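Engineer: Here's a structure for you.
Quick note: the coordinates plus some simple rules give every number you see, no bench work behind them. For clarity, every value in this text was computed on a predicted model and none was experimentally measured. All Cβ positions, glycine included, derive from the backbone under ideal geometry; neighbour counts span all protein chains shown.
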Amino acid sequence: MNEVPTLIQLCAAAIRDELLHGDSHDDILPGVYELPPELFDVLLPQLPPLALQKLHENLPFEFRDDYELANGYCEHYRKRGRCGIVDSAWRALYKSRWPGLGQKSGVMVWLDKHEEEKYSSVVDWQQIYWETHLQNCVDAITETALLPSYGGCIGEIQIPDSILQYIGCKGHPSVSTSDYLKFSYHCQQFGIYVRCLRLPNVLCVMETCHLLQISKLESLNLQWIKSIEHVEGLCKLVNQNSETLKSVEFTHCKFYPTFMDAICDSLHVKGHKTHGIEHFSIKRSSFLQTDTSTSLPVGLTSILKSGRSLRSLSLCDNQLQTFFAKNVFNTLLDTSASISNLDLSENNISGWLSHFKWGSGNQRVSFGIGKSLQSLHLLNLRNNNLQKDDADCLKHALVHMPNLQNLDISDNPIEDDGIKSLFPYFIEMSGRPLPFSDLKLENCELTCDGVSQLLEVLSTMKTPLKMLSVGDNDLGSKMGRPLGKFMCTGIRALNIEDIGLRSSGFLEVLQEIKKEMKLVYINISKNRGGIGSAKFLSKLIFEAKELVAVDAQINFMPMESLSVIASSLKVTKGKLELLDLTGNSFGEQLADESVLAEFRVNGKLILKMSSSVAPNTPYDDDP
Ligand SMILES: *[C@@H]1O[C@H](CO)[C@@H](O)[C@H](O)[C@H]1NC(C)=O
Ligand SMILES: *[C@@H]1O[C@H](CO)[C@@H](O)[C@H](O)[C@H]1NC(C)=O
């Protein structure tokens with residue numbers, strides 16, 4: 001039996017219907033804005049996006065002032081001005097339509113938790129609601145536009161019911177409903193909210209430029225660009241937005257040399273020789289060149305050279321060869337670019353820095369003297385088939401990156417010799433004002449000997465490293481003691497997944513933990529850690545007061561591990577928010593409530609074990 005609606009609910013429903021289907025809102029809206037806060041609060045959650053939009057669009061100015069304040073300062077936001085409430089309604093609509101979307105993942109979430117909270121309070125939920133909605137529309141009509149038989153206008157393509165019902169224009173037939181069905185309606189109504197957009201090749205056409213005339217795009221992600229027609233279309237779109245565009249990404253594209261020239265031309269703001277792009281990225285794509293060519297496409301060179309604002313360049317997974325990466329780097333260095341992130345991962349570029357060690361051509365002088373990339377903070381060279389010699393050459397090149405903080409050379413077979421050749425670099429870096437902070441060396445064919453020496457070198461740095469990852473190297477139980485010592489040096493995030501530590505290794509780590517640790521995050525997954533890993537965790541929880549997240553999956557921990565870990569949780573009441581114990585040998589006994597109850601002492605803790613019986617306590621991220 002249905003519950004009987006209250007009078008207030010009936011009134012709210014009537015207002016909703018009037019906003020959705022009424023001809024003029026002038027009669028009803030002023031009254032709605034005068035509603036006392038208690039009733040306004042009841043009304044808002046009842047409104048579907050289209051109705052909320054009408055209410056929001058006509059919001060009187062006195063409320064808007066509140067809103068500006070609300071967006072600038074968190075304190076004012078807390079006061080929940082009327083517009084703050086409207087923003088919360090958008091947020092609720094967004095979260096219910098796209099749960100999980102926009103959440104960051106990975107280690108940095110735990111390290112920068114505080115930063116992220118600050119950021120999320122200045123999001124404009126109305127804007128990202130319609131932006132995401134329009135992206136859904138684009139994705140939905142792409143299927144139709146891709147059909148070879150489709151020859152009509154893009155704007156005429158119908159938006160599926162499944163999308164329309166989310167915004168509240170289904171099931172209430174009215175005169176204007178037919179407008180809602182077309183893609184063009186959504187572009188005209190909501191295009192103004194779109195800043196970031198992902199477009200497939202078939203939508204890179206002149207018509208899209210017309211449809212998105214009111215958009216001020218800041219970020220464009222273009223996919224499957226393979227022909228000159230696509231390039232012409234996208235260039236018009238880029239040109240139309242050249243005043244606002246900050247980020248351009250290409251995925252799954254094929255570039256003929258002339259494509260880059262056209263793209264470069266379109267990026268230039270009218271009358272200027274430079275462009276305003278801050279982030280330029282090409283991923284999972286290929287550059288088609290004549291077999292003998294060993295220079296960069298001219299257009300790409302000019303994008304790199306004319307980009308005063310360029311902060312981030314990513315050329316990931318493009319089957320780049322050595323000469324290509326070498327030329328990119330030389331071009332950046334030559335122009336002393338102010339780039340801060342450089343990502344060349346997932347290519348095949350062994351030898352790309354050899355000229356730094358050997359000089360170029362016949363001159364045996366070292367390359368790049370007096371030039372440097374002062375702003376470069378992050379260099380990602382993951383999975384590039386780099387060998388030990390490459391590490392040695394990297395040492396010479398790193399001199400030209402005096403402010404590097406974050407280096408990823410994972411998935412390269414550099415071996416112990418490779419990492420050892422970088423030791424002088426780490427020692428030299430330790431005295432700098434901006435300290436080196438993140439080092440990733442996963443799966444580099446390192447051994448216990450190489451990593452032990454590395455840890456000793458890193459321990460001498462004046463400012464301790466923030467993050468180290470040496471996972472996926474076969475280091476063995478002997479690694480225990482050096483690791484234990486290192487954990488007490490102030491490291492904040494440590495990844496030692498799958499290094500073959502075993503129970504005995506964890507017990508050795510324990511022996512070395514003699515003082516409080518600064519660890520915030522640790523990953524000890526896949527180490528066959530057994531009871532040793534449980535004892536280690538118990539001590540860790542006790543000694544690392546800042547600890548927020550622990551990943552300890554697949555460690556063959558026996559049943560008694562649970563009480564070992566729980567015992568220190570009980571006494572510490574720390575900050576721990578995530579403890580992942582999935583894939584251990586707890587068996588059926590997990591159903592024993594008394595064991596699990598011990599883990600509930602910390603209200604924030606999310607415990608992951610096996611999917612069926614984990615006592616998940618999802619934390620509440622509402623302000
Ligand atoms: C990587 O490049 C080398 C030559 O530099 C080549 O011999 C090798 O086959 C390439 N590997 C892959 C996976 O493409
Ligand atoms: C920890 O390591 C495991 C095993 O390799 C991996 O699957 C997991 O994603 C890592 N955890 C995090 C949070 O990165």
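Engineer: Rounded to the nearest 20 debye, what is the charge dipole size of the chain about its Cα centre when +1 sits on each Lys and Arg Cβ and -1 on each Asp and Glu Cβ?
Structural biologist: So the dipole magnitude of the chain works out to roughly 1920 debye.
Engineer: How large is the convex hull of the Cα atoms of the chain per residue, expressed in Å³ as a whole number?
Structural biologist: 205 Å³
Engineer: Between H272 and F423, 0.36 nm times their residue separation minus their Cα-Cα distance comes to what?
Structural biologist: Roughly 49.9 nm would be gained on extension.
Engineer: In addition: Would you mind telling me the antiparallel percentage of the DSSP bridges in the chain, rounded to 5?
Structural biologist: 0 percent
Engineer: Along the charge dipole of the chain, which of L579, L458, N555 sits closest to the positive end, that is, farthest toward it, with unit charges on the beta carbon of Lys, Arg, Asp and Glu (+1, +1, -1, -1)?
Structural biologist: Of the options given, the answer is L458.
Engineer: Still on this model: May I ask you to list, by number, the DSSP H helices of the chain whose Cα span along the axis is at least 30 Å and whose average Kyte-Doolittle hydropathy reaches 1.6 or more?
Structural biologist: Length and hydropathy pass: none found.
Engineer: Which of the trypsin sites (Lys or Arg not before Pro) found in the range 377-480 are in a DSSP loop and have at most 16 neighbouring Cβ atoms, other than their own, within 10 Å?
Structural biologist: Filter output for the range 377-480: K462.
Engineer: Rg and Dmax of the range 350-492, using alpha carbons, in Å: what are they?
Structural biologist: Rg, Dmax (Cα atoms, Å): 15.1, 49.
Engineer: While we're on this one: Sorted by average packing, counted as other Cβ atoms within 10 angstrom per residue and highest first, what order do 10-16, 396-402 take?
Structural biologist: The most tightly packed comes first, giving 396-402, 10-16.
Engineer: A follow-up question, please. Ordered by packing density, taken as the mean number of other Cβ atoms within 10 Å over each peptide's residues, highest first, how do 314-323, 549-558 rank?
Structural biologist: Packing proxy ranking, top to bottom: 549-558, 314-323.
Engineer: For the pair K371 and D27, how long in nm is the line joining their label points, each one 7 Å along Cα→Cβ?
Structural biologist: Each label point lies 7 Å from its Cα, and together they span 7.3 nm.
Engineer: For n ≥ 4 DSSP H runs only, could you compute -39500 (n - 2.57) per run for the chain, divide by its residues and tell me the 222 nm figure to the nearest 500?
Structural biologist: -12500 deg cm²/dmol
Engineer: Counting each pair of different Cα atoms once, what's the Kirkwood radius of the range 219-276 in Å, rounded to one decimal?
Structural biologist: By the Kirkwood definition, the hydrodynamic radius is 11.5 Å.
Engineer: Now a separate question. So for the chain, taking the charge dipole from beta-carbon charges (+1 Lys/Arg, -1 Asp/Glu), which of P482, W98, S538 sits furthest toward the positive end?
Structural biologist: Farthest towards the positive pole: P482.
Engineer: Under a 5 Å amide H to amide H cut-off, with H placed in plane at 1.01 Å, what residues pair with F287 once short-range neighbours are removed?
Structural biologist: Amide H neighbours of F287: F255.
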